[in-house]
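The values are calculated or read from the model by the stated rules, or taken from the named source; none is laboratory data. Here the structure is a predicted model, which means the values were calculated and not measured. Ideal geometry is used to build each Cβ from the backbone, glycine not excepted, and the neighbour counts take in all protein chains shown. Keep in mind that these areas ignore ligands, DNA and RNA; they rest on the heavy atoms of the full protein, side chains included. Shrake-Rupley method; radii C 1.70, N 1.55, O 1.52, S 1.80 Å.
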Amino acid sequence: MNRFLNHSVKEAFDHLPSGVCFFDKNGTVTLCNYQMYRVFFALTGRDLQSLPELQELLARGADVFLLDDGRAWRFAQEQIITQDGTAYTQVTASDVTELYCRQKELEEDNQKLIEDAERIRRLSANIISLIHEEEILNMKMRVHDDIGRSVIATRQFLQQGKPMEELDLTVWKNAVRLLKHENELMEEENAVAELMNAAYGIGIKVFIDGGFPENTAAKEVLLSVIRECMTNAVRHAGAKELYVRLVYSNDMVSASVTNNGAVPEENIEEGGGLTSLRILVKKSGGVMEVKSVPKFELTVSVPVRREETK
């Protein structure tokens, strides 16, 4: 009866869907089922004789081993102690084919999402560019019409022999002012676009609450502040998002910069980048403050006195 029972247990053990093998303290096989023998032979081309042979296979570093039949297997090793205190090493091999295939599908889907997001980003950039070009074209047509009427009016004025002091130059001045203003807008948009492209390139999104000042010097300082902060946020805090808040008071603009990365474990020591930034801010007549608690925050205040119109 016991012999029949032992045979039934061994037969059931051999036909387990998972591979199971036990090794004694010397690494010798004491009990191993058919599935483990089959998987090991399929992976190595030889029969399983000892624990070091199996550990050599596992040392290849793969989380999942693929067989020629397309099945995926994952191994696990642990120490077990019997009731009499004998130690054995148990190694199991589990069929994770379905899980492996689902993981691959997710990876492929994620890659497609990344590619789709990149295409959408390029399309958005093209749309913005087309809208901007249309606005420029409309502006040029307006200027062209204004200047055309001004040329005709000026020619008629001169033909009538009137004094130049009586010539109304308002339309001319408006056209020049419009062209100058459009040029300034283009420069600002290009600078911000370059900043956003640089942020995208290093894997961080920049969110700006508020508008940049018209003062060129102040604007350049603030852009330098954001560039330095987004680089440090990725490098030191692993941040994915940077938040910039611009607030105006009297003749000053303050930029508060934070991120969603790891909180500093200690006070931040200013390196070459922050030191150079502090010098730049000071030269502009502004001040800079760096906080580490309760989270990283860099605040810069710079003058925003209007530049004289030439």
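Take the conditions open to solvent by less than 50 Å² (accessible area, probe 1.4 Å), at pLDDT 80 or above and farther than 30 Å from A117 by Cβ and apply them to V281. Does it pass?
Taking the combined requirement at face value, the residue satisfies it.
Applying the selection to segment 193-237, what residues are of a type outside the set (A, V, I, L, M) and closer than 14 Å to G273 by Cβ? Steps first, please.
The initial filter retains those residues of segment 193-237 that are of a type outside the set (A, V, I, L, M), namely 194, 197, 200-201, 203, 205, 207, 209-216, 219-220, 224, 227-229, 231-232, 235-236.
Hits for segment 193-237 are S224, R227, E228, C229, T231, N232, R235, H236.
When you go through G85, G61 one by one, which is the residue that is at pLDDT 65 or above, open to solvent by less than 80 Å² (accessible area, probe 1.4 Å) and within 42 Å of the chain's Cα centre (by Cα)? Going through G85, G61 in turn, the sole match is G61. Of all residues in segment 187-207, those that are open to solvent by 30 Å² or more (accessible area, probe 1.4 Å) have Cβ atoms under 6 Å from Cβ atoms of residues that are part of a strand (DSSP E or B) and modelled with pLDDT of 80 or more, 6 or more apart or on another chain, in K205/E241; F207/Y243. The condition (being of a type in the set (G, A, S), touching a residue at least 12 places away in the same chain (Cβ under 8 Å), over 16 Å from V206 (Cα atoms) and touching a Lys or Arg at 6+ places or on another chain (Cβ under 9 Å)) is satisfied by just one residue among S292, S301, S254, S284: S254. When segment 244-258 is limited to residues that are out of contact with any Asp or Glu (no Cβ under 7 Å at 6 or more places or on another chain) and polar (S, T, N, Q), the one that is nearest to G210 (Cα to Cα) turns out to be S254. A single entry from E214, E228 fulfils the requirement of being open to solvent by 10 Å² or more (accessible area, probe 1.4 Å), acidic (D, E) and either in contact (Cβ under 8 Å) with a residue 60 or more places away in the chain or over 16 Å from V281 (Cα atoms) (or both): E214.
If only residues of segment 250-268 that are polar (S, T, N, Q), open to solvent by less than 70 Å² (accessible area, probe 1.4 Å) and out of contact with any Cys (no Cβ under 8 Å at 6 or more places or on another chain) are counted, the one that is farthest from N197 (Cα to Cα) is S254.
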